[in-house]
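Shown next, in structure tokens, is the structure this report addresses.
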2 protein chains.
Amino acid sequence: MRSPAAPLGVFDSGLGGLTVVRALRDRLPHESIVYLGDNARVPYGTRSPETVIRYALGCARELESRGVKGLVVACNTVSSVALEVLRAELDLPVSGVILPGARAATSAAGDAPIGVLGTLGTISSGAYTRAVASFSSRSEVLGQAAPLLVALAEEGWTEGEVPRLVVRRYLSAFFGPEEIPGLPRASKVGCVVLGCTHFPLFRGLIERELYDLGGRGIPVVDSAVQTALDVEAFLDERGLGTPSRERGTLEVFVTDMPKSFESVASRFLGEAVPTVEQLDLRAG
Amino acid sequence: MRSPAAPLGVFDSGLGGLTVVRALRDRLPHESIVYLGDNARVPYGTRSPETVIRYALGCARELESRGVKGLVVACNTVSSVALEVLRAELDLPVSGVILPGARAATSAAGDAPIGVLGTLGTISSGAYTRAVASFSSRSEVLGQAAPLLVALAEEGWTEGEVPRLVVRRYLSAFFGPEEIPGLPRASKVGCVVLGCTHFPLFRGLIERELYDLGGRGIPVVDSAVQTALDVEAFLDERGLGTPSRERGTLEVFVTDMPKSFESVASRFLGEAVPTVEQLDLRAG
């Protein structure tokens, strides 16, 4: 077992995992973090499970070799297909982003179905349906793929008419037909899970459009925030919380094009990004 | 040198190159084509030149091993960084998608600057600026990255308010400020090049919005169509045109997830897609 003074390792296929880093740094400000964005092979969401597992093992071993005390898989695709393999292959506690969001959604939705926005890969994998079933035998999941939100987030186009119409189109799947023009529509879901690490950038917009479509607030579950709570719990249980009372450090590594990563990363991280270093994961 | 009866090899990082296949099959209906979409490693546009060259060599060698008589690089990113290496490493005629579009644009634009829509990678590489400079010392290039059009094309969202607003926002870069609300704006360009293989799906929309913004038709240069003309020329020059008078065959290979590729490919190809087979390019 690693020392409590060691950093946490966080990885994703690219930028999105920085929203999880942001939530971790909000919740656990003294923990140091080593982040790895495998942007040479982004996106993982369109690849086969075998390929994703191979890539994920490469990232995880790289972070293990840097002495991390625990691993946070800040990627829905990897969380949905590779967590078991990572736990079997590595001598480290491993947390994904799907179970924490699914657990919170199960309480938030009550008896109503749970709406999930994700990439095509996450939705078609049925990962949230399986995760929710592990908490409740009654809860149903309604998934909606929202790939354009990833492109909009990476372009920084998170406000205005286009993201609003895109969000509205995706959220419409969670509502019944418009019975009387202009009047609220019946909601099919009790909450909506942000099932992709890019989507916290649209949280406010999603909340407003949910209200506007259905005429009442429907809770939005942010997987990044729930994951940070989960990591806090595993650190506490294992006595692995850092003894430091200083602000934790943050190191960021990518597998390609550190400069262009740096230029958009702060939007996801919510703070200035430290120098981004490039490393090579040829083993994968 | 290969036999005229051999097929042409066409490759791209994913789906987009199928618009080039479509143009080739329109122009050269008797030629058979072997297409390779390296979707396990898509997109190339966000990767470093070294990585793109390595991937491109892998694709090109795969097609060479299948006995093609010539190679069409149906990918702007590869065309901008790897053509020289491919020509040096392979004993095959190689055509890219940038020079043909740049040449046509140089005539279409007259003395005015040339507008280019492309991915962030293509635009920031300056590939069109260099290509245009090789035809004309006077022509200037105004590049505009349009990454959302790639996402919209892959989702099949090519009509309606959202693609219209997205196209309009990108095209606005080619016009001066609105002097009087509602009146046409001064155009800064003499033509607009579709500098990404996904963009022919928006050709009609782009033509309408160009007219609407500037109050007159501005010619749109489709690189895929120009590339087909280029390929026809190199086949003629080398006596490599097929002797067959039958409709050419089309074989499609991908490096990941053939089923999901098949489900969207016909939108790009403009005809039913034959069975898509998967192959492995580990050497790259």
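The values are calculated or read from the model by the stated rules, or taken from the named source; none is laboratory data. Quick caveat, the model's predicted, so the values are computed rather than measured. With ideal geometry, Cβ positions are generated from the backbone for all residues, glycine too; neighbour counts draw on all protein chains shown.
Does at least one position in the stretch A:121-137 carry a residue that is among the small types (G, A, S), within 14 Å of chain B (Cβ to nearest Cβ) and part of a strand (DSSP E or B)?
No, the stretch A:121-137 contains no residue that is among the small types (G, A, S), within 14 Å of chain B (Cβ to nearest Cβ) and part of a strand (DSSP E or B).
Quick check: is even one residue across the stretch A:81-88 modelled with pLDDT of 95 or more, touching a helix residue (DSSP H, G or I) at 6+ places or on another chain (Cβ under 6 Å) and not in a loop (DSSP other than H, G, I, E, B)?
Yes, the stretch A:81-88 has at least one match.
When you go through B:A23, B:A40, B:A56 one by one, which is the residue that is within 24 Å of B:S263 (Cβ to Cβ), in the same structural domain as B:A272 (by TED's automatic domain parsing) and assigned to a helix (DSSP H, G or I)?
B:A23
Those residues that are in a helix (DSSP H, G or I) and crowded, with 17+ Cβ neighbours inside 10 Å, I need them from the stretch B:92-119; list them, please.
B:I98, B:L99, B:P100, B:G101, B:A102, B:R103, B:A104, B:A105, B:T106, B:A108, B:A109
One residue is enough: does the stretch A:166-181 have a residue meeting the conditions β-branched (V, I, T) and touching a residue at least 24 places away in the same chain (Cβ under 8 Å)?
Yes; the residues of the stretch A:166-181 include at least one that is β-branched (V, I, T) and touching a residue at least 24 places away in the same chain (Cβ under 8 Å).
Out of (1) crowded, with 16+ Cβ neighbours inside 10 Å; (2) modelled with pLDDT under 95; (3) outside the structural domain of A:L92 (by TED's automatic domain parsing), what's the single condition that is false for A:R216?
(1)
Matching residues to (1) assigned by TED's automatic domain parsing to the domain that holds A:V72; (2) touching a strand residue (DSSP E or B) at 6+ places or on another chain (Cβ under 9 Å); (3) closer than 30 Å to B:T51 by Cα; (4) not in a strand (DSSP E or B):
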residue: A:R208; (1), (2), (3), (4): no, no, no, yes
residue: A:V231; (1), (2), (3), (4): yes, yes, no, yes
residue: A:L235; (1), (2), (3), (4): yes, yes, no, yes
residue: A:S244; (1), (2), (3), (4): yes, no, no, yes
residue: A:G248; (1), (2), (3), (4): yes, yes, no, yes
residue: A:E251; (1), (2), (3), (4): yes, yes, yes, no
residue: A:A265; (1), (2), (3), (4): yes, yes, yes, yes
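Which one is surrounded by the fewest Cβ atoms within 10 Å (Cβ to Cβ), of the residues in the stretch B:31-65 that are of a type in the set (S, T, Y) and touching a residue at least 60 places away in the same chain (Cβ under 8 Å)?
The selected residue is B:S32.
Please verify whether the stretch A:143-152 includes one or more residues that are assigned to a helix (DSSP H, G or I), at pLDDT below 95, under 28 Å from B:L148 (Cα atoms) and away from chain B (no Cβ under 14 Å).
no
Looking at the stretch A:8-49 only, could you name the residues that are more than 21 Å from A:Q278 (Cβ to Cβ), within 14 Å of another protein chain (Cβ to nearest Cβ) and β-branched (V, I, T)?
Hit for the stretch A:8-49 is A:T46, nothing else.
Under the condition of being within 12 Å of chain A (Cβ to nearest Cβ) and within 24 Å of B:A102 (Cβ to Cβ), which residue from the stretch B:157-197 is surrounded by the most Cβ atoms within 10 Å (Cβ to Cβ)?
The qualifying residue surrounded by the most Cβ atoms within 10 Å (Cβ to Cβ) is B:V167.
Test of understanding: among B:A224, B:A228, which residue is within 18 Å of the chain's Cα centre (by Cα), of a type outside the set (F, W, Y), surrounded by 16 or more Cβ atoms within 10 Å (Cβ to Cβ) and over 23 Å from B:G143 (Cβ atoms)?
Only one candidate passes the filter, namely B:A228.
May I ask you to list the residues in the stretch A:210-223 that are assigned to a helix (DSSP H, G or I) and either of a type in the set (D, E, K, R) or in contact with a Ser or Thr (Cβ under 9 Å, 6 or more places away or on another chain) (or both)?
Result: A:L210, A:D212, A:L213, A:G214, A:S223.
Give the residues of the stretch A:1-27 that are among the aliphatic types (A, V, I, L, M) and in contact with a strand residue (DSSP E or B) (Cβ under 8 Å, 6 or more places away or on another chain), sorted by residue number.
A:L8, A:V10, A:L15, A:L18, A:V20, A:V21, A:A23, A:L24 - these are the residues of the stretch A:1-27 that are among the aliphatic types (A, V, I, L, M) and in contact with a strand residue (DSSP E or B) (Cβ under 8 Å, 6 or more places away or on another chain).
Which residues, taken from the stretch B:247-284, are on the phi > 0 side of the Ramachandran plot and more than 10 Å from chain A (Cβ to nearest Cβ)?
Within the stretch B:247-284, just B:G270 meets the criteria.
Please work out which one of (1) aromatic (F, W, Y); (2) under 30 Å from B:G115 (Cα atoms); (3) over 17 Å from the mean Cα position of the chain (by Cα) is the condition B:F268 fails and give its number.
(3)
Quick check, is B:S125 surrounded by fewer than 17 Cβ atoms within 10 Å (Cβ to Cβ) and either more than 18 Å from B:S187 (Cα to Cα) or not basic (K, R) (or both)?
no
Quick one: is A:R138 among the basic types (K, R), over 19 Å from the mean Cα position of the chain (by Cα) and over 21 Å from A:D230 (Cβ atoms)?
For A:R138, the condition - among the basic types (K, R), over 19 Å from the mean Cα position of the chain (by Cα) and over 21 Å from A:D230 (Cβ atoms) - is met.
Got a sec? Which of A:L240, A:L281 is assigned to a loop (DSSP other than H, G, I, E, B), at pLDDT 95 or above and buried (at least 16 other Cβ atoms within 10 Å of the Cβ)?
After applying the criteria, what remains is A:L240.
Kindly evaluate B:T197 against the criterion of being part of a loop (DSSP other than H, G, I, E, B), in contact with a Gly (Cβ under 9 Å, 6 or more places away or on another chain) and in the same structural domain as B:L24 (by TED's automatic domain parsing).
Considered against the rule, which asks whether it is part of a loop (DSSP other than H, G, I, E, B), in contact with a Gly (Cβ under 9 Å, 6 or more places away or on another chain) and in the same structural domain as B:L24 (by TED's automatic domain parsing), B:T197 comes out as no.
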